[in-house]
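A quick write-up on the structure given underneath.
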Amino acid sequence: MRHNACIKFITRTLAFGLLLIASVAIAQSLDEAKAAGLIGEKNDGYIGLVQPDAPQDLVDLVRNVNRQRRVRYEEIARDNNISVTTVAQLAYARAVEATRSGHLVEDASGRWVRKP
């Protein structure tokens, strides 16, 4: 029971934290890039470029968002005495739930697939 409560707390904290760390401009750009199929949610809890030859501004956006996620994952891991990898895995599961239909997510084998 304690484990489930911990997972729920971490998931809620993670969802709230992810919303807070991105500015409105970044969130809009991120959503636009996701809608265009340029980036997606990677199975490691971070976002990734779908095409490796993306423009530099998109590369910078991905790096910035992932840097912010990493900082937040580290805080959550430290506060809950769990690994950053565990937090990132929980974040991925939550991100897939929150991903809009038609946007890209990376499956377990590393392939980009559109969410139904």
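Give me the number: length gained by fully extending Gln51 to Arg63, i.e. 0.36 nm times residue separation minus the C-alpha to C-alpha distance, one decimal in nm. Please list the in-between numbers first.
Details: separation 12, 0.36 × 12 = 4.32 nm, distance 1.47 nm.
Residue separation times 0.36 nm, minus the Cα-Cα distance, leaves 2.9 nm.
Fully extended, how many nm does the chain gain between Asp44 and Ser101 (0.36 nm per residue separation, minus their Cα-Cα distance)?
On the way: separation 57, 0.36 × 57 = 20.52 nm, distance 1.99 nm.
Difference between extended and current length: 18.5 nm.
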Work out the FRET efficiency for Val84 and Glu32 from their Cβ-Cβ distance, taking R0 = 41 Å, and round it to the nearest 0.05.
0.90
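Here, each number is a calculation from the coordinates, and none is a lab measurement. Because the structure is a prediction, the values reported are computed rather than measured. Every residue, glycine among them, receives a Cβ derived from its backbone with ideal geometry; neighbour counts consider all protein chains shown.
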